[in-house]
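Only the coordinates and a few stated rules stand behind these numbers; no lab work does. Please read all numbers here as calculations on a predicted model, not as lab measurements. Counting neighbours? That spans all protein chains shown, and the Cβs are built from the backbone with ideal geometry, glycine included.
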Amino acid sequence: MAAPRRRPPGSVAAIAAASAVFTVSASPLGTALGGPLVGAIGPSATLLASGLVTVTAAAAAALVLAARSHRRRRTPGTEIPGARP
């Protein structure tokens, strides 16, 4: 398990605000795309496609985060205090 990282005091609020912006904007976008897609390929295929896109996006994000973490550990002066190698 990774050690907890220290965050600047205002960063949690900034992260929450960014999350809200994406969540609020994603809902109407999903409705606008999902409605016609259900009409074109049906509800089951739409849910399957949505699930595949979600899993693919999560895997891509995990790979990017892992690469950034690996690069940070190898770059001198960017180590996280208290983190294990």
* Structure fact -> Applied in sequence order to the range 13-25, the curve 6.51 cos²θ - 1.76 cosθ + 1.60 (Karplus, θ = phi - 60°) yields integer Hz couplings, x standing for Gly and Pro, of 5, 5, 5, 5, 5, 4, 4, 5, 4, 5, 5, 5, 7
* **Estimated distance in nm for a label pair at Ala32 and Ser44, the labels positioned 7 Å out from Cα along Cα-to-Cβ** => 3.0 nm
